[in-house]
Amino acid sequence: MYITATDICAVIKEAAVIELTDDENTGSANVDFVNSAITQSDGVIDSYLATRYKLPLSLVPDVIKSVAVTLTVYNLYQRSSLEIDEKIKRAYTDAVSLLKDISKGAASLGLEERTTTSADLAESNKTTTDRVFTLDKLKGW
């Protein structure tokens, strides 16, 4: 996990987290919902980072923590009945855009990037395809 529930509460008020996750009106945040949203965010982040970096990251840069918080807050709003604020939508779009840039190499995390070796590449020595319909198989048709 790139972040914890505590990191979420540092960005949005605990009352907001409770409102977004307390489906049973217990007066407290549902940690399972928060952790699920964090896990979803981690999956999205990993899908972009895996193209350039060996995962898991040995050191998590602050920018990735910030992206994880943004994606998690967005995920929490999506699961609730509350309308998503334009500021949150914009932050989400910007975070995904940054992840795309990192994936393409237009932005860097300042970490050592994955190197592709010939062992990582699949090799084939086949130069032609096998014929499915040969003249012998087509006789009589």
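The values are calculated or read from the model by the stated rules, or taken from the named source; none is laboratory data. Not measured: the values here are computed from a predicted model. No Cβ is skipped: glycine too gets one built from the backbone with ideal geometry, and neighbour counts run over all protein chains shown.
I'd like the full set of residues that are within 19 Å of Leu59 (Cα to Cα) and not in a helix (DSSP H, G or I), limited to region 90-110.
Gly105, Ala107, Ser108, Leu109, Gly110
Quick check on Leu82: is it assigned to a loop (DSSP other than H, G, I, E, B), modelled with pLDDT under 95 and surrounded by 14 or more Cβ atoms within 10 Å (Cβ to Cβ)?
no
In region 23-34, what residues are free of Cβ contacts under 8 Å to residues at least 12 places away in the same chain and closer than 14 Å to Gln78 by Cα?
Listed by number, the list holds a single entry, Asp23.
Hey, which of the helices (runs of 4 or more DSSP H) in region 1-77, taking only ones fully inside, have at least 1 residues that are touching a Cys at 6+ places or on another chain (Cβ under 8 Å) and hydrophobic (A, V, I, L, M, F, W, C)?
The qualifying helices (runs of 4 or more DSSP H) are 14-21.
What is the residue count in region 29-64 for residues that are surrounded by 14 or more Cβ atoms within 10 Å (Cβ to Cβ) and basic (Lys, Arg)?
Residues meeting the conditions: 1.
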